[in-house]
Amino acid sequence: MGDVAMTVPVLKNLLDQNPAVKITVVSNAFFEPLFSGLQRCNFHPAYLKERHKGFGGMFRLFKELTNLY
């Protein structure tokens, strides 16, 4: 959790300094509230123990991301 929490201020500074940038964060659904306050930051949950488990799950996650963004 510490690594994910430490990225929030970095992403906030990046977005503040670069108004044309949009970011998509892919992480465990548990961490979504940490990124909810960031403008131009999309959060996509990864369910690594269920739907996105293994190679097939990673490919499914890839397809989800390419279809959305």
Globularity ratio of the chain, using Cα Rg and 2.2 N^0.38 Å: 1.19
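Could you report the chain's accessible area per residue, 1.4 Å probe, as an integer in Å²?
74
Just how many pairs of Lys in the chain have C-alpha atoms closer than 22 Å, counting pairs that are eight or more places apart or on different chains?
Details: Lys12/Lys22; Lys22/Lys63; Lys49/Lys63; Lys53/Lys63.
Taking the chain as the scope, the lysine pair count is 4.
Calculate, in nm to one decimal, what Lys49 and Asn28 gain on full extension: separation in residues at 0.36 nm each, minus their alpha carbon distance. Walk me through the numbers before you get to the answer.
Values: separation 21, 0.36 × 21 = 7.56 nm, distance 0.99 nm.
In short, 6.6 nm is gained.
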Charge dipole of the chain about the Cα centre (unit charges at C-beta), most positive-ward option of Ala29, Leu11, Gly57: Gly57
Only Lys, Arg (+1) and Asp, Glu (-1) charged, at Cβ; the chain dipole about Cα centre in debye: 220
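Given R₀ = 25 Å, FRET efficiency for Lys63-Asp3 by Cβ-Cβ distance, to 0.05? Before the final figure, lay out the partial values.
Values: r = 26 Å, r/R0 = 1.05.
FRET efficiency, Lys63 to Asp3: 0.40.
The values are calculated or read from the model by the stated rules, or taken from the named source; none is laboratory data. Here the structure is a predicted model, which is why all the values come from computation and not from measurement. Methodologically, a virtual Cβ is constructed for each residue, glycine included, from the backbone with ideal geometry; neighbour enumeration extends over all protein chains shown. Only protein heavy atoms, including side chains, enter the accessible area calculation; ligands, DNA and RNA are left aside. Shrake-Rupley method; radii C 1.70, N 1.55, O 1.52, S 1.80 Å.
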